[in-house]
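Chemist: Starting off with a structure, shown below.
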Amino acid sequence: MNILGIDTSSKKLDIAITDGKDIFLNISLEGKERTSKNIVSSLKGLLDLEGIDISFVQGISVVKGPGSFTGLKIGMTLAKVLSYINNIPLIGVDLFEVIVYNYSFLNTGMEILIPSRRDEFYWARYDKCEKMPIRYKVIRKEMFKEELNREFWIYVPFKELKTEFVEWGFQNIIPGWYFQNKAFISAILGREKLINGQSDDPYTIEPLYIRKFPF
C-alpha cells in the first residue's frame, strides 16, 4: 500500500510517498514557499517528473498537530482536498506519535516538548514509548524543572535548550535536530492504521490544537 505523507507542523513542509519501506518521493519547502498553491504545484510537478499518477497512492496520512497554526491548516486542507477529489482514504497522525516512533528504539519513558509560542511548549509524556500519552498539555518553560521526569528521555527541539537542561540536572536529552523525514514516518504510521481499518472523514478531520489544560 503506497501512502502519501504530509507534514506542515513546523516552518518546513515535508511530503513523501512510501510503501512502508522505500521512499518514492521526498520534498521539502520552507518559508514563503510553503503555501497551499506551491504545495499543490510542487507535488504535481514531482509526480509528473517521476511519471507517477495520483492513482499510485492508496492512502493519505497527514500530521494533524500540534504545531504551526497556519502550517497545519495548509497541510490539512491539502490532504482533505486530495482525499475527497481522488476518493483516497485519509488518516490523521499527531506529531507526538511521529516523534515517539522515531525514537522507539529507546524503549523507555519520554517527555516531548514542541515549541508553541514565546516560552510555551506543547508537552506530552509517554511511558515506555507507548502509543498513547499519559498526559499532554501546554506548559511554560519555567515549569520544566517541576513537571518533567528526570528518569525519562527528554526530546528538546533546540540545541540551545540542551545546555539549560544539563544545568538543571537533566541527563537523558534527545537531540531534536536528529530526525527522520516526518512525512515518511507519518506515512508509515498512517499505513498501519489504514491496514487496521482506521480512517478519518475528510469532511470532519481537523488540526490538533492543544489547550492549556490536560485532556
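Chemist: Being in a loop (DSSP other than H, G, I, E, B) and either more than 13 Å from Ala124 (Cβ to Cβ) or touching a residue at least 60 places away in the same chain (Cβ under 8 Å) (or both) is the filter here; which residues of the range 141-156 pass it?
Modeler: We begin by selecting, within the range 141-156, every residue in a loop (DSSP other than H, G, I, E, B); these are 148-152.
Residues satisfying the conditions are Arg150, Glu151.
Chemist: How many residues does the range 68-90 hold that are surrounded by fewer than 20 Cβ atoms within 10 Å (Cβ to Cβ) and among the basic types (Lys, Arg)?
Modeler: 1
Chemist: Tell me the residue from Asp48, Asp19 that is at pLDDT below 85, surrounded by fewer than 23 Cβ atoms within 10 Å (Cβ to Cβ) and over 26 Å from Ile114 (Cβ atoms), please.
Modeler: Details: Asp19 fails: at pLDDT below 85.
One residue alone meets the criteria, Asp48.
Chemist: So, one more: Name the strands (runs of 3 or more DSSP E) wholly inside the range 59-120 in which the number of residues that are farther than 12 Å from Leu189 by Cβ is 2 or more. Lay out the reasoning, then the answer.
Modeler: On the way: elements: 59-65, 90-94, 110-115.
Strands (runs of 3 or more DSSP E) meeting the threshold: 59-65, 110-115.
Chemist: Within the bounds of the range 73-95, is there any residue that is on the phi < 0 side of the Ramachandran plot, without any contact (Cβ under 8 Å) to a residue 40 or more places away in the chain and in contact with a Cys (Cβ under 6 Å, 6 or more places away or on another chain)?
Modeler: no
Chemist: On the basis of being in contact with a helix residue (DSSP H, G or I) (Cβ under 8 Å, 6 or more places away or on another chain) and in contact (Cβ under 8 Å) with a residue 24 or more places away in the chain, does Val63 make the cut?
Modeler: Yes; evaluated as a whole, the condition is true for this residue.
Chemist: Would you check which residues across the range 184-214 are closer than 23 Å to Arg117 by Cα and at pLDDT 90 or above and list them?
Modeler: Step one: of the range 184-214, the residues closer than 23 Å to Arg117 by Cα are 206-214.
Answer for the range 184-214, where residues must be closer than 23 Å to Arg117 by Cα and at pLDDT 90 or above: Glu206, Pro207.
The values are calculated or read from the model by the stated rules, or taken from the named source; none is laboratory data. Keep in mind that what you see is a predicted model, and the values were worked out from it rather than measured. Methodologically, a virtual Cβ is constructed for each residue, glycine included, from the backbone with ideal geometry; neighbour enumeration extends over all protein chains shown.
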